[in-house]
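First comes the structure, then the notes that go with it.
Bear in mind that the values in this text are calculations on the coordinates, not laboratory data. Please read these numbers as outputs of a predicted model, since none were measured by experiment. Quick reminder, even Gly has a Cβ in these numbers, built from the backbone with ideal geometry, and neighbours come from all protein chains shown.
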Amino acid sequence: MREIFYNAFLPLCSSLSLRRIHALGRALGSLMWAALPGRRKETTERIRDRLGLDERRARELAKASFRESACSFLELFHARQMDYRFLDERLEYENPELFVRMCTSLRPIVGVTGHLGSWELLGGILKCFTSKTDCQVVVRLPKDRAMADLLMYMRTQSRIRVLPHREAATEALGQLRRGGLSAFLVDHNCRHAEAVFLPFLGETAAVNKGPAILALRAKAEVWPFFLVRLPEGRFRAVTLPCLDTETLEGSRAERIERICRFYTEAVEEMVLRYPEQWFWMHRRWKTRP
């Protein structure tokens, strides 16, 4: 039954303009705000405690985050429509010189980002601009098989291959050693065995060390890259300076922790700049040391 629903939902949402997708996302976020009092309270408290805000401001940001996060998820249905014309009309660049360096680098690249802004549209930028002939995006998939199949279909594009994170290590490492690009969302909570525990927004969080291990083994550059949503259907591509893992010193464990700290601090910087666009509903600090 769910598969039938998803198959009906796909053409409907894929036919919507970006303006209508955002309008639907804001409406859906407001509905979730009204219908999920437990998550509403939890998210408000999390923002209040992590950002040191008063209750009123924390509640305003929490409500905005519900709306922005719903827009982020629904943008998945627009991801396959990203092309040069779309990017030329709607995209502006912060640190364009870094963006060019990232897109033209001949080194293996581990791209890192977070659940902030329009993360579902990042693949469209990669396929249009990177010099890499084949890019991988490593994702966590839901347990619902029909939903997982839908997400895999929508995220897979020309030059963009999607790998479930539980099966990605060997293939991603091979891709990187051939000079390719593998991209990761690095702000998930993760299991204790997968984690390095580091400060994030003032509280210790479990940081997935998988991307760091792959980057170290492939001697890759680690590039933080984000797509921020702006008013009137525009976007800002934010490229932060990279970390070259070949330059790191110390033991293997120390180098892995340095890489994890690097991409955790990059996400933290962006969350502090655009707090309403981060996915605060996620239980980021669930796994404890």
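Assorted remarks:
- Whole-number D in µm² s⁻¹ for the chain, Kirkwood Cα-pair radius fed into Stokes-Einstein, 4 °C, 1.567 mPa s: 66
- Loop-located GluC sites (Glu not before Pro) in the stretch 175-273 whose Cβ has at most 12 other Cβ within 10 Å (DSSP): E249
- Simple spin-label estimate for D49 and E232 gives 4.1 nm between the two label positions (7 Å along the Cα-to-Cβ direction from each Cα).
- Amide hydrogen neighbours beyond the local backbone of Q136, cut-off 5 Å, H modeled: R161, L181, S182, A183
- Distance between the modelled labels on A35 and R191, one decimal in nanometres: 3.2 nm (7 Å Cα→Cβ projection).
- ³J(HN,Hα) computed for each position of the stretch 61-77 - Karplus, 6.51 cos²θ - 1.76 cosθ + 1.60, integer Hz, glycine/proline x: 5, 4, 5, 4, 5, 4, 5, 5, 5, 5, 4, 4, 5, 6, 4, 3, 6
- Alpha-carbon centroid distance for the pair the stretch 57-85 / the stretch 251-288, whole angstrom: 20
- The stretch 33-114: trypsin sites (Lys or Arg not before Pro) in DSSP loop, at most 12 other beta carbons within 10 Å: none
- Looking at the stretch 219-289, none of the chymotrypsin sites (Phe, Trp or Tyr not before Pro) sits in a DSSP loop with at most 15 other Cβ atoms within 10 Å of its own Cβ.
- Summing charges over neighbours of A215, with a neighbour being any other residue whose Cβ is under 12 Å away from its Cβ, gives +4 when K and R count +1 and D and E count -1.
- Inter-part distance where the stretch 181-232 and the stretch 118-161 are each reduced to a Cα centre, Å: 17
- Here the gap between R177 and Y153, fully extended at 0.36 nm per residue and compared with their Cα-Cα distance, gives a gain of 6.0 nm.
- Fraction of beta bridges assigned by DSSP in the chain that are antiparallel (%, nearest 5): 40
- Computed magnitude of the charge dipole of the chain (debye, nearest 20; Cβ of K, R +1, Cβ of D, E -1): 660
- Beta bridges per DSSP with both ends in the stretch 82-222, % antiparallel, nearest 5: 30
- The stretch between E203 and D88 holds 37.5 nm of extra length on full extension. This uses 0.36 nm per residue minus the Cα-Cα distance.
- Counting lysine pairs in the chain whose alpha carbons fall under 17 angstrom apart, excluding pairs fewer than 8 residues apart on the same chain, gives 5.
- A simple spin-label model places the labels of R217 and F129 3.0 nm from each other, with each point 7 Å out along Cα-to-Cβ.
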